[in-house]
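As structure tokens, the structure follows; a few thoughts come after it.
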Amino acid sequence: MSRKVVVTGLGAITPIGENVQETWANALKGVSGVHALENDWVEQYDLAVRIGATAPTPSEEAVSRVQAKRLDPSGQFSVAAAREAWNDAGFSGDNADTSDEVDPTRVGVAFGTGIGGVWTLLDAWDTMQAKGARRVKPMTVPMLMPNGNASSVSMEFKARACAITPVSACASGTEAFYQGLNLIREGKADVVIVGGAESAIHPVTIAAFNSMQALSRRNDDPQAASRPFDIDRDGFVMGEGAGACILESEEHAKLAAPRSTPSSPVRVSARTRTTSRLRPSEMRVARRALCGSPWSRVISSPPTSSTSTRTRPPRPWVTSRRPVPCAPRSVPRWTTWPSRPPSP
Amino acid sequence: MASKDEILAGLAEIVNEETGLETEAVQLDKSFTDDLDIDSISMMTIVVNAEEKFDVTIPDEEVKNLKTVEDAVNFIDNAQA
């Protein structure tokens, strides 16, 4: 657990940007990715929630036409974000096989998702109802399975150390980061492509989340919806996209330098002053996750989930009340973990 | 009912959609696996799409016998009859 881990590449495709630079710039400007959904099915099913945060379709440079047909939308987002992160890390080739700096057997993937290929599954159900079982496509299973995203990324980048898929609801991407961190700390990989992806803005998922009272119903004011940590929060907004990082052991990153577009290691910080409090069980998990990292010395109260769902008032048995040093007035509403701005 | 030439052209379009191979590469004497490098899942996708396009049924046990493009064209031609 003593190996230091650094972030050497970032990638993102989000409702507010096609890449990290655009996403970060829009986040700083306070741009919201939430808008009224114009799909026919909103009216067809008379949905109570009519807003969402859709992401742009990945460019053909990131995901080819043939590739797109074999990937669920969440898989397409995964590959696009991972591609940007890989390029940002400055490796000399398009994948681990063609990059001199890396050994493909020492490159791993940890890519999380909360739901997986729900569009693929429900499209297949529609096809079966309309045309019969014989017309269900053979690629349906690889596209819908939750580990499809990690599999696609590992095949795209010839990463042969492992391909793992944390599935832990909204924390799936964060857990993937943690799993990648541990793979390097434990010496099982030198480079890990970590990330999270989702594409589940479907009438069924909207109806289901709305049924459990989890979604914001600010249909008349979409840009004001999704307000994590705000006292007036009324639920989250269905969004989609992917984020990815390249994690490397510090020694590997130094040995592999210089590269064509070297990136500075990112110092991940948690500088959020939250209005919510962690339960003792949540604090235990957070402290265990940070065990052995320099963060554990500076974080007294890690950020809570930023899903903006309504919760009960803080309980009297909260363990940590100390404010986190350097707390800013606010953080971009689309993220829990502020990171560095992209390199120019 | 499609002619053999039309079946070949239709198959070439399906292969192009599934694999990105140029339609000109799909010739009668080409092997799906050895020449066109088509894996088993792609082959099944091509079969499903061909069934829909030509309104025929290609039984699963018959797929292993479709080694070349010509095998597929002939099977579809006979199945249409």
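The values are calculated or read from the model by the stated rules, or taken from the named source; none is laboratory data. This is a predicted model, so every value here is computed, not measured. In this analysis, Cβ positions are derived from the backbone assuming ideal geometry, glycine residues included, and neighbour counts consider all displayed protein chains.
Please work out which one of (1) modelled with pLDDT under 95; (2) away from every other protein chain (no Cβ under 14 Å) is the condition A:Ala110 fails and give its number.
(1)
Only residues that are assigned to a loop (DSSP other than H, G, I, E, B), surrounded by fewer than 13 Cβ atoms within 10 Å (Cβ to Cβ) and small (Gly, Ala, Ser): list them for region A:19-44, please.
A:Gly30
If the requirement is being surrounded by fewer than 21 Cβ atoms within 10 Å (Cβ to Cβ), touching a residue at least 12 places away in the same chain (Cβ under 8 Å) and in the same structural domain as A:Thr140 (by TED's automatic domain parsing), which of these qualifies: A:Ser64, A:Ser78, A:Ser59?
A:Ser59
Inspect region A:155-164 for any residue being basic (Lys, Arg), in a helix (DSSP H, G or I) and out of contact with any Cys (no Cβ under 9 Å at 6 or more places or on another chain) and give the result as yes or no.
Checked region A:155-164: no residue is basic (Lys, Arg), in a helix (DSSP H, G or I) and out of contact with any Cys (no Cβ under 9 Å at 6 or more places or on another chain).
Against the condition at pLDDT 95 or above and exposed (fewer than 13 other Cβ atoms within 10 Å of the Cβ), how does B:Asp37 come out, does it pass?
Here the answer is no, as B:Asp37 does not meet what is asked.
Looking at (1) part of a loop (DSSP other than H, G, I, E, B); (2) surrounded by fewer than 20 Cβ atoms within 10 Å (Cβ to Cβ); (3) away from chain B (no Cβ under 13 Å), which is the only condition A:Pro138 fails?
Going through the list (1) part of a loop (DSSP other than H, G, I, E, B); (2) surrounded by fewer than 20 Cβ atoms within 10 Å (Cβ to Cβ); (3) away from chain B (no Cβ under 13 Å), A:Pro138 breaks only (3).
Residues being outside any loop (DSSP other than H, G, I, E, B) and either polar (S, T, N, Q) or touching a Lys or Arg at 6+ places or on another chain (Cβ under 6 Å) (or both): count how many of those fall in region A:45-70.
1
Report those helices (runs of 4 or more DSSP H) wholly inside chain B carrying at least 1 residues which are of a type in the set (Val, Ile, Thr) and within 14 Å of chain A (Cβ to nearest Cβ).
B:4-19, B:40-54, B:60-63
A:Gly114 - would you say it is assigned by TED's automatic domain parsing to the domain that holds A:Phe77 and part of a loop (DSSP other than H, G, I, E, B)?
yes
When you scan region B:41-55, how many residues do you find that are more than 18 Å from A:Met139 (Cα to Cα) and buried (at least 17 other Cβ atoms within 10 Å of the Cβ)?
Selection size over region B:41-55: 1.
Table: residues versus (1) of a type in the set (S, T, N, Q); (2) closer than 28 Å to A:Arg217 by Cα.
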residue	(1), (2)
A:Leu37	no, yes
A:Gln44	yes, yes
A:Ala55	no, yes
A:Glu60	no, no
A:Ala82	no, no
A:Asn95	yes, no
A:Asp100	no, no
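Of all residues being among the small types (Gly, Ala, Ser) and away from chain B (no Cβ under 14 Å) in region A:141-166, which is farthest from A:Val107 (Cα to Cα)? Just the residue, please.
It comes out as A:Ala150.
Tell me, yes or no, whether region A:228-244 has at least one residue that is of a type in the set (Asp, Glu) and either touching a Lys or Arg at 6+ places or on another chain (Cβ under 6 Å) or modelled with pLDDT of 95 or more (or both).
Scanning region A:228-244 turns up at least one residue that is of a type in the set (Asp, Glu) and either touching a Lys or Arg at 6+ places or on another chain (Cβ under 6 Å) or modelled with pLDDT of 95 or more (or both).
Suppose we keep only residues that are surrounded by fewer than 16 Cβ atoms within 10 Å (Cβ to Cβ), farther than 19 Å from B:Ile14 by Cβ and within 14 Å of chain B (Cβ to nearest Cβ) within region A:113-131. Which one would you say is nearest to the chain's Cα centre (by Cα)?
A:Met128
Of A:Glu22, A:Glu43, A:Glu84, A:Glu60, which residue is of a type in the set (Asp, Glu), out of contact with any Asp or Glu (no Cβ under 6 Å at 6 or more places or on another chain) and within 14 Å of another protein chain (Cβ to nearest Cβ)?
A:Glu60
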